[in-house]
Amino acid sequence: MRKEGLVEQLVSNKAARLESKAAATRALNAVLSAIETGIKKDGEVQLVGFGTFKIKSRPARKGRNPGTGAVIKIKASKTVAFKCGSALKAIAGKARPGK
């Protein structure tokens, strides 16, 4: 599902009370912005039952250039990792893969 699909789900969800795509898009953008802000500020955003977004450090390492096969140095970096919560994990166990 893409962002447009999430917006459609928000509009069709009566509990959300979002009557237009524009309102649903603003709400979704606000949630994503809040997650970004939380990661920048605290390094972690935990949504109980859903999962946790957390900054992870990747150490420097050696890799290979796929075109030449030459060994290259890859710098240390940071990335955001997501770990599923128990409720989301249970749903994933019942979902059909690839659908």
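Under the condition of being surrounded by 14 or more Cβ atoms within 10 Å (Cβ to Cβ) and touching a residue at least 12 places away in the same chain (Cβ under 8 Å), the residues counted in the stretch 9-22 number 2.
Against the list (1) assigned by TED's automatic domain parsing to the domain that holds Ala81; (2) more than 24 Å from Lys83 (Cα to Cα); (3) aliphatic (A, V, I, L, M), the condition Val11 fails is (1). Taking the conditions (1) assigned by TED's automatic domain parsing to the domain that holds Met1; (2) within 19 Å of Met1 (Cα to Cα); (3) in a loop (DSSP other than H, G, I, E, B) in turn, Thr25 satisfies each one other than (3).
Residue count for the stretch 29-68, restricted to those that are part of a loop (DSSP other than H, G, I, E, B) and either loosely packed, with under 10 Cβ neighbours inside 10 Å or of a type in the set (S, T, N, Q) (or both): 7.
The values are calculated or read from the model by the stated rules, or taken from the named source; none is laboratory data. What you see is a predicted model; the values in this text were computed from it and never measured. Here the Cβ is made from the backbone with ideal geometry for all residues, glycine too, and neighbour counts use every protein chain on show.
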